[in-house]
1. Filter the trypsin sites (Lys or Arg not before Pro) in region 62-149 down to the DSSP loop ones having no more than 11 other Cβ atoms within 10 Å, then list what survives.
2. Taking the Cα centre of region 7-149 as origin, work out the dipole magnitude from +1 charges on Lys and Arg Cβ and -1 charges on Asp and Glu Cβ, in debye rounded to 20.
3. With charges only on Cβ, +1 for K and R and -1 for D and E, what is the dipole size of region 52-130 about its Cα centre, in debye, rounded to 20?
4. Going by the alpha-carbon gyration tensor, a ≥ b ≥ c the square roots of its eigenvalues, is region 1-86 rounded (a/c under 1.5) or, if a/c is not under 1.5, prolate (a/b greater than b/c) versus oblate?
5. Could you tell me which of the pairs LYS77/LYS133; LYS72/LYS100; LYS72/LYS133 are separated by over 22 angstrom between their Cα atoms in the structure shown?
6. Rounded to the nearest 20 debye, what is the charge dipole size of region 1-82 about its Cα centre when +1 sits on each Lys and Arg Cβ and -1 on each Asp and Glu Cβ?
7. Could you tell me the center-to-center distance, by alpha carbons, between region 1-67 and region 106-122 in angstrom?
8. Taking 0.36 nm per intervening residue step and subtracting the Cα-Cα distance, what contour gain separates ASP91 from SER64 on full extension?
Amino acid sequence: MPTYNMHFEITTYSESDNDMHYAEDYSFWNPLIEHFFSGMDAFEIHCWEDEQAVIDEVIHGLKSVVCRKEGKVLIVKGDLSDKAKNFLLTDSLNDAGQLKWFSVFLYREEDILFSSEHYGTEFTGSRLSGAQKAFFIRTLPEDISVLEW
């Protein structure tokens, strides 16, 4: 059965006060990330050091995570428990309806198989099945660029 490695990038952004790119609408977020929970065993969230309050939310919300700093990036990693899945679904958007986290990674046995980066405007799927590839394309906004390798 063939597998696919793919990168998806949203090409239309909303206005923002901080010059960061955000999707115009994040209604795709929950269906997308929930679809990729299957078979994953760990997650990782990256935020910039000036977003400490967002990291604190993750640490206090999940408690059993490990936090470290690499340069100007704060990284939180933990098991993809039911509590973590619920957190990634229900606490992901800020008051403006934008994704809070710069990057989110989902792991299976220490391999990153799903990533959301640049505040949910770029996505990578590794070793995707044909059905997962189709799900990405069907779920993300129409204005995406797609790269397959």
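Every number here is computed from the coordinates shown, using simple stated rules; none is lab data. In this text, all values refer to a predicted model and were calculated from it rather than measured experimentally. For neighbour counting, all protein chains shown are included, and Cβ atoms are generated from backbone atoms with ideal geometry for every residue, glycine included.
1. LYS63, LYS72
2. Magnitude of the dipole: close to 580 debye.
3. Values: 10 positive and 12 negative charges, 26 e Å.
Charge dipole, region 52-130, about its Cα centre: 120 debye, nearest 20.
4. Note, shape of region 1-86 comes out oblate.
5. LYS77/LYS133; LYS72/LYS133
6. Numbers: 5 positive and 17 negative charges, 91 e Å.
It works out to roughly 440 debye.
7. Cα centres, region 1-67 to region 106-122: 8 Å.
8. Using 0.36 nm per residue and subtracting the Cα-Cα distance, I get 8.1 nm.
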